[in-house]
Amino acid sequence: MLTGFRHCYVFDVSQTDGEPLPELCPELKGDSKSMREFYAAAKTICPFPVSEERIEGGAKGYFNHITKSIGIKDNMAYKHKAKTLIHELAHGMLHGYENPRRDELTRNDREIEAEGTAFVVLNYFGFDTSDYSFPYVAHWNPENSLDAIQKAGDIIQKTSQEIIEMIETQLNQEAA
């Protein structure tokens, strides 16, 4: 058996013409007064410092376990910023190093819980993120297992309820 390398041509997508390549999870679009108010309220209730910053690559945000802070990609629409903030808040609440559940979960499980929570919270407030959230969860559930979603259901429901109550309280205070 021979092993080795052979010459071949490689192109960067910027060197090509044609229709844009499809995205697995296209960024959410949308900005409105209610979305900006929701995002501001979510930042206010968040127990972790939140910063908007330039994030390279495909990540839209992160939860830093060392500094217990959240970073959000700065050049996204408010709808995606809000969804990402709730996603990262869920990571902080559910998957911190001090949480004993963390070691019981795979990365796939953690991503399903965080995105499921973000979807439920934003949906409760009237913001549809299904165009992003459904493909995202499918990506982190490669076996397409209903068990993974059902396993996460209780924790998604409890965490969503907690966040919803905090945001509603904040929005009511702001309205008063």
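Relative to the longest principal axis of the chain, what angle (0 to 90°, nearest 10) does the C-alpha long axis of helix 107-124 take?
50
For the chain, how many pairs of lysine residues have a Cα-Cα distance under 19 Å, where the two are 8 or more positions apart or belong to different chains?
25
Tell me the angle of helix 146-175 to the major Cα principal axis of the chain, expressed in degrees between 0 and 90 and rounded to the nearest ten.
50
Using modelled amide H (1.01 Å from N, peptide plane; none on Pro or chain starts), what sits under 5 Å from the amide H of Gly61, excluding residues fewer than 5 places away?
Residues meeting the criterion, in which the H sits 1.01 Å from N, are Lys73.
I'd like the Karplus ³J(HN,Hα) series for the range 66-77: coefficients 6.51, -1.76, 1.60, θ = phi - 60°, whole numbers in Hz, and an x wherever there's a Gly or Pro.
6, 8, 6, 9, 10, x, 10, 4, 7, 9, 9, 5
In deg cm²/dmol and to the nearest 500, what is the mean residue ellipticity at 222 nm of the chain if only DSSP H runs of at least 4 residues count, each as -39500 (n - 2.57), divided by the residue total?
-17000 deg cm²/dmol
Starting from the residue with the highest accessible area, list Phe5, Phe134 in decreasing order, probe 1.4 Å.
Ranked list, largest accessible area first: Phe5, Phe134.
Take the alpha carbon atoms of the chain, find their radius of gyration, then divide it by 2.2 N^0.38 Å using N residues; give the quotient.
Values: Rg = 18.7 Å, N = 176, 2.2 N^0.38 = 15.7 Å.
That works out to 1.19 for the chain.
Among DSSP bridges having both ends in the chain, what percentage is antiparallel? Round to the nearest 5.
50
Of Ser14, Ser160, Ser69, which has the most accessible area and how do the rest follow, probe 1.4 Å? Don't skip to the end; give the middle numbers.
Working: Ser14 95, Ser160 0, Ser69 25 Å².
My answer, sorted largest first, is Ser14, Ser69, Ser160.
Apply the Karplus curve 6.51 cos²θ - 1.76 cosθ + 1.60, θ = phi - 60°, to the phi angles in the range 88-98 and return the couplings in whole Hz, x for Gly and Pro.
Per residue, the Karplus-derived 3J(HN,Hα) values read 6, 4, 4, 4, x, 6, 9, 10, x, 4, 7 Hz.
What does the net charge come to around Asn99 if you take all other residues with beta carbon closer than 14 Å to its beta carbon, with K and R at +1 and D and E at -1? Please list the in-between numbers first.
On the way: positive: Lys68, Arg101, Arg102, Arg110, Lys158; negative: Glu98, Asp103, Glu104, Asp109, Glu113.
It works out to a net charge of 0.
If I compute solvent accessible area with a 1.4 Å probe over the protein chains, what percent of it on the range 72-127 is carbon and sulfur?
On the way: 930 of 2120 Å².
Answer for the range 72-127: carbon and sulfur cover 44 percent of the accessible area.
Can you put Val10, Val137, Val120 in order of accessible area, largest first, using a 1.4 Å probe?
Val10, Val120, Val137
Let's see if you can work this out: charge +1 on each Lys and Arg Cβ, -1 on each Asp and Glu Cβ, no other charges. What is the dipole magnitude of the chain about its Cα centre, in debye to the nearest 20?
Roughly 260 debye, rounded to the nearest 20.
The values are calculated or read from the model by the stated rules, or taken from the named source; none is laboratory data. All of these numbers come straight from a predicted model, not from anything done at the bench. Reconstructed Cβ throughout: ideal geometry from the backbone, glycine too, with neighbour counts over all protein chains shown. These accessible areas exclude ligands, DNA and RNA; they are computed on the full protein's heavy atoms, side chains included. Shrake-Rupley method; radii C 1.70, N 1.55, O 1.52, S 1.80 Å.
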